[in-house]
Amino acid sequence: MNAIDLADHPPLLAVRGLAYARNDEPIFGPFDLVLDAGEVVLVEGDNGSGKTTLLKVLSGLLAPTSGEVLLNGAPLTLARLAQQVALLGHLLGLKLELSALQNLRFAVGLGGIRPGITPQIALASVGLEGFEEQPLRLLSAGQKKRVALARLLLVPAALWLLDEPYANLDREGIGLVNRLLETHARRGGAALITSHGAYAYTSGTPRRVNLRGAGTVTDVPAANDASGPDPA
Amino acid sequence: MRPGSSAAACRAIVVRDLALAWRRRGDALNPLLFAIIVVTLFPLALGPEPALLARMAAGTIFVAVLLAALLSLDALFRSDLEDGSLEQLVLSPHPLALLLACKIAVHWLTTALPLIVIAPLLALLLYLPAPVLPVLMLALVLVTPLLSLIGAVCVALTVGMRRSGMLLTLLVLPLLVPALIFGAGACNAAQAGLPFAAPLLWLGAWLALALVLAPLATAAALKISLT
């Protein structure tokens, strides 16, 4: 039996036999994964191996072809998602005409806010102090990404699904992502991040999962010394 | 972890879309200018006889408003889809139909309301008899939200396609033509001294139905478009 049955509380995210096919053409899977609170898992795979599609399925945007996704032990549906998942994709979901602050205020209105933080504090903690009122169009790609990261800080969601969070970021930005991930894990959150191989998560060793496209069963390497609570 | 209320989410959407409309106010004025140009071209082409123009006034204004609405519809969800905002809307914990209803309301406020405001001026340009003007205004107030609501469903269906302009027009026109017929029909009836309440009541009933169903249909269509 697997860890799902051993844990006395259901894991944050449990994925069993998950597969997705577009027009009968398999994109990835079958894919198994158990993600507990306090864990960060890095999904690796080449371009086109289905990492982005995997995150979309896990966020509920796409319905899987087969298999199931359990969020806190309950099957995932878009209607049930309420407040549990934050997705940061290639498209950042920010309006270029509006300022960073306006964008974040909108995100807070839409998704709620964690206690003890404001959009200004969030912007300062991603290193964008002084850029609050600038229209996003005037910011660089990396700075826009930082605004999107500030959104993750603000909106309460236990599970972060980050698609290539290191793209467009400088060395300091990569360090920032790692700090955010660490803090999030320490507060009992979990994160699934994708990367096409350039391995940037340096602090601690997150579990790595390999996504090799359709047809291959994914392997979860034994290098599992994440700081999260071990169910075993 | 405190989830925000749905009311806060609706307010956030209204505030953001109004701010966006203000930033893109050149685009927002496009339908208005278009309708004014269409209406002013008619007297130039047909000649300035008041009797002829008065007979055509209501119909001309309705056609201009409908075409202007078509012009503005395509942009309703386009930018949200392209920058990923739509995904964030779908993933938010609030009912998508409610959020979309707010978006549609802002679209109506920014594109249709200016048209209603200048309608008396257009009516004056075309010698519409003064007693018919209240009927025209009432019909426009009922028809323009219908255009936005029905249009939103069709836009949601086609927004996933790259070049959806032509398809959108084909899809949406047959659905909007009845609104045109009833709206202009009420004005024509009033102009001929006939009772005009029935077409207006029909429009009202239709609007009530669309207010309830169109956001739900838009939400379902958008989820399909996202996959």
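Observations on the structure shown:
- D (Stokes-Einstein, µm²/s), Kirkwood Cα radius, the range A:87-157, 0.692 mPa s at 37 °C: 280
- Calculation over all alpha carbon pairs of the protein assembly as shown in 10 angstrom steps from 0 returns a P(r) of 4, 19, 25, 21, 14, 9, 6, 2, 0 percent.
- Among B:132, B:106, B:15, residue whose mean-square fluctuation peaks in a GNM of chain B (springs only between Cα atoms under 10 Å): B:15
- About the centre of its Cα atoms, the range A:87-157 shows a dipole size close to 200 debye [charges on the beta carbon of Lys, Arg (+1) and Asp, Glu (-1) only; nearest 20 debye].
- Hydrodynamic radius of the range B:6-226 per Kirkwood, over alpha carbon pairs, in Å: 18.0
- Given chain B, longest segment not containing exposed loop trypsin sites (Lys or Arg not before Pro) (DSSP; at most 12 other Cβ within 10 Å): B:1-161
- Ellipticity estimate at 222 nm from DSSP helix runs (n ≥ 4, -39,500 (n - 2.57)) divided over chain B, nearest 500: -28000 deg cm²/dmol
No lab work stands behind these numbers, since they all come straight from the coordinates. For clarity, every value in this text was computed on a predicted model and none was experimentally measured. No Cβ is skipped: glycine too gets one built from the backbone with ideal geometry, and neighbour counts run over all protein chains shown.
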